[in-house]
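Where a number appears in this text, it was derived from the coordinates with a stated rule and is not lab data. Here the structure is a predicted model, which means the values were calculated and not measured. All Cβ positions, even for glycine, are placed from backbone atoms using ideal geometry, and neighbour counts span all protein chains on display.
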Amino acid sequence: MSWSAPGGPGRIAGDGAVVARAPAKINVHLAVGPLRSDGFHELRTVYLAVSLFDTVTVRPGDGLALEVAGEGAAATTGPDAVPADRRNLVWRAAELLAERAGVAADASITVDKSIPVAAGLAGGSADAAAALVALDALWGTRATRGELAALAAQLGSDVPFSLQGGVALGSGRGEQLSPVLARRRWDWVLGIAGEGLSTPAVYGELDRLRAAGRLPGGEELTPPEPVIAALRSGPVAALAAAVSNDLQPPALSLRPPLRRALRAAAEAGAAAAVVSGSGPTVAALAEDEESAVRLTAALAGEGVFRTVRAVHGPVPGARLVG
Ligand SMILES: C[C@@](CO)(OP(=O)(O)O)[C@H](O)COP(=O)(O)OP(=O)(O)OC[C@H]1O[C@@H](n2ccc(N)nc2=O)[C@H](O)[C@@H]1O
Ligand SMILES: Nc1ncnc2c1ncn2[C@@H]1O[C@H](COP(=O)(O)OP(=O)(O)O)[C@@H](O)[C@H]1O
């Protein structure tokens with residue numbers, strides 16, 4: 001990896017702050033193969049970045065300091081707890097970038113979370129991607145997008161997509177991306193559960209259900225082509241017919257009330273309703289504005305803590321703002 005010599009600060013505001021934001025994602029296709037020897041599953045997934053963002057602000061500092069504010073700051077235990085130390089993906093992103101670029105890891109970092117935690121929306125990955133972009137500017141490390149993508153892949157399977165945004169096909173463990181063309185804007189209503197689900201627990205439940213013969217073994221990955229064709233061609237019904245997620249059955253097994261939320265969305269006229277990634281967020285696809293309003297009302301209360309309207313517009317990945 002070749003790094004330019006540090007070239008001075010990037011886009012820095014008056015008080016020395018650099019701000020970046022990155023989007024949440026949903027998976028409109030998620031085919032999961034058997035467990036690999038490295039502890040990950042082979043995937044074919046189609047990621048869609050949606051208009052729900054976390055913001056990361058970095059300032060000059062002495063050593064690393066991290067504060068987590070907003071949505072993610074509340075829980076102290078369980079899958080929804082966001083640590084404000086080196087276990088946080090943002091901290092790891094900072095250490096990794098500093099080490100690779102040969103600069104001191106000096107920064108005071110604030111993460112403002114709007115993306116719910118452990119929700120299957122890749123909030124932690126968004127934070128890590130935004131931190132890479134912001135710290136690259138603060139430290140003047142001038143990494144190329146490709147260099148940042150390589151660091152992102154070391155931080156987590158979803159982080160390269162959080163950096164890239166838009167719509168993409170993910171292979172390998174999800175980190176190998178190729179862009180997908182989407183012709184139009186999609187309107188989603190996200191039903192956010194009050195309590196998150198742990199990603200490794202959901203993959204583990206899938207393995208358990210497969211080993212017990214209660215689900216097909218995953219040797220044959222459902223091909224993503226129908227979803228990719230539907231995204232290219234446009235009609236809502238085509239995308240709705242093609243959406244699928246192998247992690248939905250294990251998420252439902254761990255969180256049975258999610259069935260009610262999926263049913264409520266279907267009864268309220270959702271073109272499609274699917275668990276996003278490892279869940280427990282339910283992503284309901286709206287035909288139009290009126291349908292989105294109906295879905296929002298239907299999801300409220302059905303084991304769902306709150307709803308968020310999110311569109312794919314397309315939505316770019318991690319970017320400096322301000
Ligand atoms: C399921 C997905 C779908 O996009 O996201 P979420 O819905 O949780 O956001 C991803 O595969 C999550 O990606 P990410 O959250 O980055 O996972 P990582 O940190 O790389 O891995 C956490 C753990 O998830 C499991 N894991 C992850 C990816 C993968 N292809 N196979 C796996 O088995 C492994 O147990 C791993 O130790
Ligand atoms: N910046 C971060 N934001 C959220 N969670 C984080 C972060 N850094 C580490 N984590 C850990 O990752 C776990 C799940 O992260 P998150 O990305 O929100 O969910 P998901 O994998 O379902 O998309 C949390 O339980 C938390 O302990």
Which of L89, G166, A149, positive extreme of dipole for the chain (C-beta unit charges): G166
Top positive-direction residue, dipole computed over the chain with Cβ charges, set T77, T222, P23: T222
Theoretical FRET efficiency, 1/(1+(r/R0)^6), r = Cβ-Cβ of R232 and E289, R0 30 Å, to 0.05: 0.80
Which of H29, H41, H312 has the fewest Cβ neighbours within 10 Å, and the rest in rising order: H41, H312, H29
N245 long-range amide H proximity, modeled H, under 5 Å: L30
Mean ellipticity per residue at 222 nm, deg cm²/dmol - from DSSP H runs of n ≥ 4 across the chain, formula -39500 (n - 2.57): -9500 deg cm²/dmol
Separation of the R208 and A300 label points, Cα + 7 Å toward Cβ, nm: 3.5
Rounded to the nearest 20 debye, dipole of segment 9-95 from Cβ charges on Lys, Arg, Asp, Glu: 300
Pairs of alpha carbons in segment 39-128 whose separation is greater than 20 Å (percent): 40
Cβ charges +1 (Lys, Arg) and -1 (Asp, Glu), total dipole of segment 18-180, debye: 360
In order through segment 272-282: 3J(HN,Hα) via Karplus (6.51 cos²θ - 1.76 cosθ + 1.60), integer Hz, x for Gly, Pro: 8, 9, 9, 6, 7, x, 7, x, x, 4, 9
Point-charge dipole on Cβ atoms (K/R +1, D/E -1) for the chain, about Cα centre, debye to 20: 400
Cβ-defined net charge surrounding R255, 11 Å radius [Lys, Arg +1; Asp, Glu -1]: 0
Rg ratio (alpha-carbon, reference 2.2 N^0.38 Å) - the chain: 0.98
Spin-label model distance (nm) - E220 vs S178, 7 Å beyond Cα toward Cβ: 2.1
Whole-angstrom gap from segment 108-130 to segment 297-319, using each part's C-alpha centre: 15
